[in-house]
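Enquirer: Handing you a structure now.
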């Protein structure tokens, strides 16, 4: 079973080395590809110096574009399972098997690592948690999926979804949107409890004002997506 | 406002909104760019449903005919959308320029590698 970990990275020069070393140590049987989204700091240099596997964008596309490129890479190299993992160290490779197992055994097509099922580990700020709860509600409205951790970038997909996401991946709010997309196209989604760490270095790409903007635009976008897509038959 | 005109314009706006949603379904329009178009349709619809309220506001700036209020709104939205399109095009232009340059540089690298390989043979 060929497994690929997709690590989108934008200005993560401080944490990317630790992330990769951690991954190599705890999950040596996983391939990985770092997608450098035209970082303006020393990220590319760190990647080159350490001989890490990476692709580098000549121009910034955002998290959606970076992750989609990862899926394209997975499709090109015929991977069976692709896992998204953040480049800032919030996701612990020891939980990789928790999200890969359900997908590997066909229990679901996409498994999302969720902080909020067991409520352990880093729980994020109150504002973000309220926002995430709201998005959960909107997702349930749009496609019926009960997902607690909607913005979790720690998720595993099978080959079918790899193919789908390489051609159809939301550019603006990919994490919740991908859930709705996958669900409306008939794929099965499951949530798995995991523990996440707090971001130690660098700055999150979502600050307070951006959070507010995000919380208005995302539900709107999801609802529009639902209206403009409708529910399709199971594409198996 | 004339009820016939109100109804006619309302139907037009509904057709317009349905058309935008159709374009979204066919993936001919990206959601991000559709938002402004949809917003303009919704606001014009709100003005058509409650003309008295909006005319009250509009008369403060000197508008007499209700229809002119609709025209002003539509004109304003078109201007806004055109400006945002220009901004988007500028961004795209920049990205294309970067792609052209990077592709050319990559081509040189590949050519050099091929030459090195034929030299070695």
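Throughout, read-outs are computed from the coordinates displayed, never taken from laboratory work. Just so you know, these numbers come straight off a predicted model, no measurement behind them. We place every Cβ from the backbone using ideal geometry, glycine too, and count neighbours over all the protein chains shown.
Enquirer: What's the FRET efficiency of residue A:55 with residue A:172 using the Cβ-Cβ distance as r and R₀ = 22 Å, to the nearest 0.05?
Expert: On the way: r = 22 Å, r/R0 = 0.98.
Approximately 0.50, to the nearest 0.05.
Enquirer: Sorting B:83, A:117 on the 10 Å Cβ count, fewest up front, what's the list? Write out the running numbers ahead of the final one.
Expert: Values: B:83 10, A:117 14.
Listed from fewest to most nearby Cβ atoms, that is B:83, A:117.
Enquirer: Still on this structure, I have one more. Given axes a ≥ b ≥ c from the Cα gyration tensor, I'd like to know whether the stretch A:3-229 is rounded (a/c under 1.5), prolate (a/b larger than b/c) or oblate. Mind showing how you got there, number by number?
Expert: Working: a/c = 1.41, a/b = 1.25, b/c = 1.13.
Rounded is the answer for the stretch A:3-229, as its axis ratio a/c remains below 1.5.
Enquirer: Next question, about the same structure. Mean separation of Cα pairs under 8 Å and 6+ residues apart, divided by the residue count of the stretch B:17-96: what relative contact order is that in percent?
Expert: Numbers: 25 pairs, mean separation 18.8, N = 80.
It rounds to 23 percent for the stretch B:17-96.
Enquirer: Could you sort the peptides B:67-78, A:13-24 by per-residue average Cβ neighbour count (10 Å cutoff), highest mean leading? Present the calculation step by step, with values, prior to reporting the outcome.
Expert: On the way: B:67-78: 14.8, A:13-24: 18.5.
The most tightly packed comes first, giving A:13-24, B:67-78.
Enquirer: For residue A:125 and residue B:32, what is the calculated FRET efficiency with R₀ set at 22 Å and r taken between the beta-carbons, to the nearest 0.05?
Expert: Working: r = 27 Å, r/R0 = 1.21.
So, using R0 = 22 Å, E works out to roughly 0.25.
Enquirer: Highest mean first, how do A:28-35, A:63-70 rank when packing is the count of other Cβ atoms within 10 Å averaged over residues? Please report the intermediate quantities before stating the final value.
Expert: Numbers: A:28-35: 17.6, A:63-70: 23.1.
Averaged packing, sorted descending, gives the order A:63-70, A:28-35.
Enquirer: Rounded to the nearest 0.05, what FRET efficiency do residue B:97 and residue B:12 have when you use their Cβ-Cβ distance and R0 = 45 Å? Don't skip to the end; give the middle numbers.
Expert: On the way: r = 40 Å, r/R0 = 0.90.
Given R0 = 45 Å and the Cβ-Cβ separation, E is 0.65.
Enquirer: Translational diffusion coefficient of the stretch B:15-121 at 4 °C, 1.567 mPa s, Stokes-Einstein with Kirkwood Rh over Cα pairs, in µm²/s as a whole number.
Expert: Working: Rh = 18.1 Å.
Here the translational diffusion coefficient equals 72 µm²/s.
Enquirer: Sort B:94-104, B:20-30 by the packing proxy (mean of other Cβ within 10 Å over each peptide's residues), most packed first.
Expert: On the way: B:94-104: 11.8, B:20-30: 14.2.
So the order, starting with the most tightly packed, is B:20-30, B:94-104.
Enquirer: With 10 angstrom as the radius, rank A:6, A:99 by how many other C-beta atoms surround their C-beta, starting from the fewest. Can you show the working numbers first?
Expert: On the way: A:6 26, A:99 29.
Result, fewest neighbours first: A:6, A:99.
Enquirer: While we're here: Please rank B:54, A:148, A:154, fewest neighbouring Cβ atoms within 10 Å first, as an exposure proxy.
Expert: On the way: B:54 20, A:148 16, A:154 25.
Arranged by neighbour count, lowest to highest, B:54, A:148, A:154 become A:148, B:54, A:154.
Enquirer: Further question: Given springs between every Cα pair under 10 Å in a Gaussian network model of chain A, which of A:43, A:150, A:208 has the largest fluctuation?
Expert: Top of the fluctuation ranking is A:208.
Enquirer: Now, a different point. Over the Cα atoms, compute the radius of gyration (one decimal) and Dmax (the largest Cα-Cα distance, rounded to a whole number) for the stretch B:1-72, in Å.
Expert: 14.1, 43
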